[in-house]
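Here's the structure, in structure tokens; my notes come after.
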Amino acid sequence: MSMPSDGTGATVEPALGTLPETAAAPAAAPGERPPLRPPLPRPVLIARVVIGVALSVVALYAPFYFTPENNRIISQALYLSIAAMGLNLLTGFTGQVSIGHGAFFGVGAFTTAILMVDHGWTFEATIPVAAVLSGLVGMLVGFPALRVRGLQLALVTLALAVLFPRLASKYVEGAGGVALLRPRRSEFASLIDGLDDDQWAYFVCLVIAVVLFVLAWNLVRGRMGRAMVAVRDQEIAATTVGVNLAGTKVGTFALSAAYAGVAGSLSVMIDRIADATNPILYLQRSIEFLVAMVIGGAATILGPAVGAFLLVWLRRNTEDLIEGKEILAPAIFGAALIAIVYVLPEGVVGGVRRLLARLGRRSSGSAARPGPASASDVPDDSNNPGGSHDEGT
Amino acid sequence: MQLFVEQVINGIGNGLVYGSVALALVIIFRTTGILNFAQGEMALFSTYITWKLASESDGFGLPIVAAIGVSMAIAFVAGAVIERVLIRPVEQARSPLNVVIVTLGLFLGLNSVAQLIFGTDPQLMPSPFPEGNVELFSSGGDAVVVSKDTIGLIAVLVAECILLWLLLQRTNLGLKLRAVASNPDSARLQGIRAGTMLMLGWGMAAAIGALAGSLVASQRTGFDGSLMQIIIVYAFAAAALGGFDSLIGAVVAGLIVGIADALTVQYVDALEGIEVIVPLGLILVVLVILPNGLFGRRTVERV
């Protein structure tokens, strides 16, 4: 177990449970300890700042430029990216495949809707409650995950997604006796003068998304993140170097579910509905999250956001691509998914990162510098999120 | 008592359907290590083909048994082609999640193309079995009555399982298939064409799905694009319960799920509408106690 020392790779963070504090020391020359994270080259740093500022300006100006309908769609992409990020923490970084995140999303959505419709809460106050409740449900699901792994776990979570709408339709009664809640439109009104309702909704989503993405970014770069990656890559080895397996898994499950719950809560604001009448709706949601994560780039920070926007854009453009043949939209959508996986097996962010690394290597010769690893400093070996996949064959 | 027996028999009928689809999942999983989310929609598509071939009014009016046979043959070829064209190139990227995305893309695509070609209205599938009921035996004055449909379904699916078992355990081809499943590289070194075997595995799975789908559709008063949605969930459940690499396990687990479901529907009123919680809860309990399922092999992991 030594620090990977190839200077050409895009990122050189150890992946396999090598906690740098212990592993870096023997690999380094005596007396000097290499910095944990080599400083970025100046052009990369400048490029990052420029891109960051430009993106912020675009994000802040966008709601005033677009129509309310488009703002709604962008907000959908924002809450979708939060949920995909949650799944990414669990599946991308920790290697626990879940097809049940739609259920956590639903818990969040119904928490918000019930609190608003039946108890008269204001929308903004329900978000933390939704996060905590879905986090608790996630924690409960995390315990079987200590025993059940790989595909079996995927199946357990699948069961969750199938069960949720049935449970909801049995125990939730909205208008007309069906499990469908619609908080009044006025309750989502803008809290700031000068902002229209759709713009306000957009900013709520944007702020929460940014906060949660920064949180995730910090998390995966720290001790917890290394533990997560270690669990993904080699569970047994991780425990032998002192990773708390149960804590990591259950904690990640809870956090990941809380992300999905927040996304569900926000979806009530954007879509103005919490609906459990369609028995496979939450399964479809789970699939959406998974798709957004994989096409964006699993185990990257920007991946889920890129994937979510790509997904929403694709869906929007496949919907009315063929006049009068709307039924074909899922087929085009499915074909597009397959095409993306063909062309960019590591997702969009993974592909861009590889491209940049190649360009960087060409321009600076084979200098022992890490390539410009775009905005996310995470281990590159994200190709095997389903950690223990080969069991049973 | 008589009601109980009838429900158990119905449960066995449904359970064999779940078990068959689970068998298809397990065959694909064993040979390629992939969880095929598109299995249900592949079966749906084949079911529509069967219907098109057999229907008197909208189709070619073939006898239903011939129609099922032709449809299974088409499904076999299509399954092999899907493996070669769509799955294998992506699989070489060594990322299981990417293959999952491909099967999900297939799932969406097949469902919508099927509805585009064959329409969204419910269709009626002719039954290959004679109409009417059979009185099995009477217990204390009450006769146990089961429809011939159900008995036929049970007979066909049991025969299918036995044939499959014979194929895998008693033939040269089966030996090769199992060799590839257990270790593709070693199998290649022995001169087995691993790629061909993988295509065969997918073809077999697709054909099994075609049979199960057609038979289920013939039992319903009409089927549409949502035919396989619940069946596939139960089949996944059965595959997980059976341990994912055991063919016998898949069938037994399918039966357990089917019977548990039928009895819950009949006897537990408190769970009306959420009967699905029983098989799913059962699976959760079993998996927590036996993480490799009822029949799965324990895996030794090297670090």
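The values are calculated or read from the model by the stated rules, or taken from the named source; none is laboratory data. Owing to the predicted nature of the structure, the values given are computational and were not obtained by experimental measurement. Every residue, glycine as well, gets a Cβ built from its backbone with ideal geometry; the counts of neighbours run over all protein chains shown.
Here are the numbers for this structure:
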quantity: Filtered residues of region A:46-76 (kept if touching a residue at least 24 places away in the same chain (Cβ under 8 Å), farther than 20 Å from A:G350 by Cα and of a type in the set (G, A, S)); calculated: A:A59, A:A62, A:S75
quantity: Where a residue in region B:82-93 is assigned to a helix (DSSP H, G or I) and its partner, wherever it lies, is modelled with pLDDT under 85, with Cβ under 6 Å and at least six apart; calculated: B:V90/A:V341; B:V90/B:N98; B:V90/B:V99; B:E91/B:V99
quantity: Pairs with Cβ under 7 Å, 6+ apart, first in region B:290-303 and modelled with pLDDT under 70, second among the hydrophobic types (A, V, I, L, M, F, W, C) and buried (at least 16 other Cβ atoms within 10 Å of the Cβ); calculated: B:V303/A:A237
quantity: Selected residue (criterion: nearest to A:R72 (Cα to Cα)) from residues of region A:203-252 that are polar (S, T, N, Q), touching a residue at least 60 places away in the same chain (Cβ under 8 Å) and more than 14 Å from chain B (Cβ to nearest Cβ); calculated: A:T252
quantity: Close pairs from region A:157-186: first under 23 Å from A:M269 (Cβ atoms) and at pLDDT 80 or above, partner polar (S, T, N, Q) and crowded, with 24+ Cβ neighbours inside 10 Å, Cβ under 7 Å, at least 6 apart; calculated: A:A161/A:S286
quantity: Out of A:V58, A:V107, sole residue that is surrounded by fewer than 22 Cβ atoms within 10 Å (Cβ to Cβ), under 26 Å from A:I295 (Cα atoms) and not small (G, A, S); calculated: A:V58
quantity: Candidates A:A84, A:A54, filtered to the one that is of a type outside the set (D, E, K, R) and within 30 Å of A:Q152 (Cα to Cα); calculated: A:A84
quantity: Any chance B:G201 is within 11 Å of chain A (Cβ to nearest Cβ), out of contact with any strand residue (DSSP E or B) (no Cβ under 7 Å at 6 or more places or on another chain) and not hydroxyl-bearing (S, T, Y); calculated: no
quantity: Some residue of region B:55-71 being farther than 19 Å from B:A217 by Cα and in contact with a Ser or Thr (Cβ under 9 Å, 6 or more places away or on another chain); calculated: no
quantity: Selection from region A:153-202 of residues that are more than 14 Å from chain B (Cβ to nearest Cβ), touching a Lys or Arg at 6+ places or on another chain (Cβ under 9 Å) and assigned to a helix (DSSP H, G or I); calculated: A:A175, A:R185, A:F188, A:D197, A:D198, A:A201, A:Y202
quantity: Residue among A:A25, A:A62 that is small (G, A, S), modelled with pLDDT under 60 and more than 15 Å from the chain's Cα centre (by Cα); calculated: A:A25
quantity: Condition met for B:N111 (within 14 Å of chain A (Cβ to nearest Cβ), among the polar types (S, T, N, Q), in contact (Cβ under 8 Å) with a residue 24 or more places away in the chain and assigned to a helix (DSSP H, G or I)); calculated: yes
quantity: Enumeration of residues in region B:232-249 that are crowded, with 24+ Cβ neighbours inside 10 Å and either more than 10 Å from chain A (Cβ to nearest Cβ) or in contact (Cβ under 8 Å) with a residue 60 or more places away in the chain (or both); calculated: B:I232, B:Y234, B:A235, B:F236, B:A237, B:A238, B:A239, B:G242, B:F244, B:G249
quantity: Unique residue being at the interface with chain A (Cβ under 10 Å from one of its Cβ atoms) and either of a type in the set (F, W, Y) or crowded, with 17+ Cβ neighbours inside 10 Å (or both) when the list is B:G105, B:G79; calculated: B:G105
quantity: Some residue of region B:202-213 being out of contact with any Cys (no Cβ under 9 Å at 6 or more places or on another chain) and either among the basic types (K, R) or over 29 Å from B:I64 (Cα atoms) (or both); calculated: no
quantity: One residue from A:G92, A:G138 being assigned to a helix (DSSP H, G or I), out of contact with any Asp or Glu (no Cβ under 8 Å at 6 or more places or on another chain) and away from every other protein chain (no Cβ under 11 Å); calculated: A:G138
